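Please read the structure below before turning to the comments.
The values are calculated or read from the model by the stated rules, or taken from the named source; none is laboratory data. All values reported here derive from a predicted model rather than from experimental measurement. So basically every Cβ, Gly included, is an ideal-geometry build from the backbone, and we count neighbours across all protein chains shown. Ligands, DNA and RNA are excluded from the accessible area calculation, which covers all protein heavy atoms including side chains. Shrake-Rupley method; radii C 1.70, N 1.55, O 1.52, S 1.80 Å.
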Amino acid sequence: MSDRAENLLLALPGLLLLALAFFLPIGQMMLLSLSGPDGPTLEHFARFLGDSYYLGILWRTVRLSLIITAICAVIGFPLAYIMARVGPRLRMWLVIAVILPLMTSVVVRTFGWMVLLSRSGLVPELLRDMGLVGRSFGLMQTETAIVIGMVQVLLPFMTLSILGVVTRIEIRLEEAARTMGCSFLQTMRAVVLPLSLPGIVAGSLLVFTLSASSFVTPNLLGGARIQVLASSIYKSVTQSLEWPFAAAQAVILFVGILLVLVPYIRLSGARHG
Amino acid sequence: MVRSVPGWLRVAAIVFIAATLIVLLAPLIVVIGASVSESQFISFPPQNFSLRWYAAVLSSSAYLSAALISLQIALAVTVTATLVGGAAAIALHRRQLPGSEVLATLFLSPLVLPTIIYAIGMLMFWSATFGPVSPVVLWLGHSVIALPYVVRTTLAVLSESDPALEEAARTMGANRLQRLWLVVVPQCLPGLAAGAFFAFNISFDEAVLSLFLRKPGLTTLPVQIYGQLEFSPDPSVAAVSSLMIAITVVLILVIDRMLGLKRVASV
């Protein structure tokens, strides 16, 4: 047996698992999105893209994902920077505080927000006590609730993406900038931020992708009225049982995400090659 | 460097960190707080400490059977993903296969594809090909989602290993199986172990795939919780959720022992 045969043997179970339980199902789903009663058809796509109701869902998905990504980046960058520059003990605790929610089930975290945001929950009550909102104010079943919940769910991904890059920035570069007369904020703008950009971009892509396709949090916090693409897919699968239409929506989601991802992979590939 | 940071900025940083930590941890704290409340309804801050909802969970057949299914699937997934992913990582690390870059991308691709798209594919493929959804489908699906994590943790450990060791074993006359079992696998162990705990956690917490593939008698714990939240949340949901948080804490501590959280965080 050659070395190559040994390695092939080692990789084979994984390749088989991926082929049978990953690529085949996805291929089948893509075929189904094109299937009609009389052969291949584009009618499921036409139905989605020709209906203002579904276009509204698509637009809401994109809009909320952009807002969530932007908020995550604005919070995630300073958080990652501080994590990279504090002492090792504090950093350890901060890493735990970021990873613990990341590894907790999305259902459980969303449940926590349902308790916090409901009419008698802590957040509306605090706002009421501060006199900012009226008596009947509630946050559940609003887009705001979705954004709050999703930011908490996805912030760890952004923070860890940026942290990986920031920890590799030479601290001497910052010291040099300070010696040359930059203020702290100028150093951030001229040195740290540009060098962190790969991490911010990678984190943003990850957060955008995950938030465009997330289902549990928008469905529980937004309710049936505020649909996003993922909850519309779920509805087509479980309630109206229109599988080809659900498959077409999944393909639209996938293509949308690829449109965002491919230029980035091209760019970063060109940089490495 | 830090000394020359203006004082107001340091105060701002402390306030910012505190606020961010509160937002990150609030949902977990609220769930745990609500679980020990005496009240009939979900309430935070809790009213009168009581463990009655934990007792309710432990005597509820719906929760117990869901927990049993989740546990069985998670254990099967852990074994599968660790063996299959670990072997693949060893092969990928040696970089002798044709197109090993492409292969590496293939093995990590389940990370990139949104779970909801994958879930639809699994539902349609298996029910069209083999009839009703069975635990086997959940086992395979969770294994695919967990696979990249094992591959990544094992590759991370292998990248710091010494290739000369295997060469030394070869010159000393060890055959393939001996080299693999006595030299390579022991070097992988921390990565394999961390990957195994990741796999368990991912399978145990996975909701979307299980929601799409659910049917009567095949309810995992996250699906059970999701159903309760949609229709009739009571404090017993908080108790179950708190137990799941506790399991996560234990797994994080174990992974930290195996691989070091700092390494995991920057992988």
**Q.** Inter-residue pairs, beta-carbon under 8 Å, first over 17 Å from residue B:201 (Cα atoms) and touching a residue at least 24 places away in the same chain (Cβ under 8 Å) and in the stretch B:215-232, second assigned to a loop (DSSP other than H, G, I, E, B) and of a type outside the set (D, E, K, R), 6+ apart
**A.** B:215/B:132; B:215/B:133; B:218/B:133; B:218/B:134
Q.
Step by step: first the residues of the stretch B:6-38, then only those that are over 19 Å from residue A:93 (Cβ atoms) and open to solvent by 20 Å² or more (accessible area, probe 1.4 Å), then the one that is nearest to the chain's Cα centre (by Cα). Which residue is that?
A. B:36
Q | Single residue of A:259, A:253, A:241 found to be among the hydrophobic types (A, V, I, L, M, F, W, C) and on the phi > 0 side of the Ramachandran plot | A | A:241
**Q.** Any chance residue B:75 is at the interface with chain A (Cβ under 7 Å from one of its Cβ atoms) and either touching a residue at least 40 places away in the same chain (Cβ under 8 Å) or farther than 30 Å from residue A:148 by Cβ (or both)
**A.** no
Q: Restrict the check to the stretch B:39-54 and report whether at least one residue is over 23 Å from residue A:156 (Cβ atoms), open to solvent by less than 70 Å² (accessible area, probe 1.4 Å) and part of a helix (DSSP H, G or I).
A: yes
Q. All but one of (1) modelled with pLDDT under 95; (2) open to solvent by 60 Å² or more (accessible area, probe 1.4 Å) hold for residue A:55; which doesn't?
A. (1)
Q: Filter the stretch A:79-90 down to the residues that are of a type outside the set (D, E, K, R) and assigned to a helix (DSSP H, G or I), then identify the one that is modelled with the lowest pLDDT.
A: A:88
(Q) So, restricting to helices (runs of 4 or more DSSP H) that lie completely within the stretch A:1-78, which ones have at least 2 residues that are aliphatic (A, V, I, L, M) and more than 30 Å from residue B:128 (Cα to Cα)? (A) A:3-18
Q.
Out of the residues in the stretch B:233-253 meeting the condition of being in contact (Cβ under 8 Å) with a residue 60 or more places away in the chain and under 21 Å from residue A:102 (Cα atoms), tell me which one is farthest from the other protein chains (Cβ to nearest Cβ).
A. B:239
Q | Residue check, residue A:18 under 19 Å from residue B:89 (Cα atoms), of a type in the set (A, V, I, L, M), open to solvent by 50 Å² or more (accessible area, probe 1.4 Å) and at the interface with chain B (Cβ under 7 Å from one of its Cβ atoms) | A | no
Q) Take the residues of the stretch B:207-232 that are open to solvent by 20 Å² or more (accessible area, probe 1.4 Å) and within 10 Å of another protein chain (Cβ to nearest Cβ): which is nearest to the chain's Cα centre (by Cα)? A) B:208
(Q) Looking at the stretch A:122-161 only, could you name the residues that are polar (S, T, N, Q) and open to solvent by 40 Å² or more (accessible area, probe 1.4 Å)? (A) A:136, A:141, A:144
Q) Could you give every pair whose Cβ atoms fall below 8 Å, whose first residue belongs to the stretch A:224-243 and is more than 8 Å from chain B (Cβ to nearest Cβ) and without any contact (Cβ under 8 Å) to a residue 12 or more places away in the chain, and whose second residue is in a loop (DSSP other than H, G, I, E, B) and of a type outside the set (A, V, I, L, M), counting only separations of at least 6 or pairs across chains? A) A:235/A:227
Q) When you scan the stretch A:119-132, how many residues do you find that are facing chain B (nearest Cβ under 10 Å) and not in a helix (DSSP H, G or I)? A) 2
Q | When residues of the stretch A:70-118 are limited to those that are more than 7 Å from chain B (Cβ to nearest Cβ) and among the small types (Gly, Ala, Ser), the one most open to solvent (accessible area, probe 1.4 Å) | A | A:70
Q: Considering each of B:111, B:92, B:97 in turn, give the residue that is assigned to a helix (DSSP H, G or I), of a type in the set (A, V, I, L, M, F, W, C) and surrounded by fewer than 22 Cβ atoms within 10 Å (Cβ to Cβ).
A: B:111
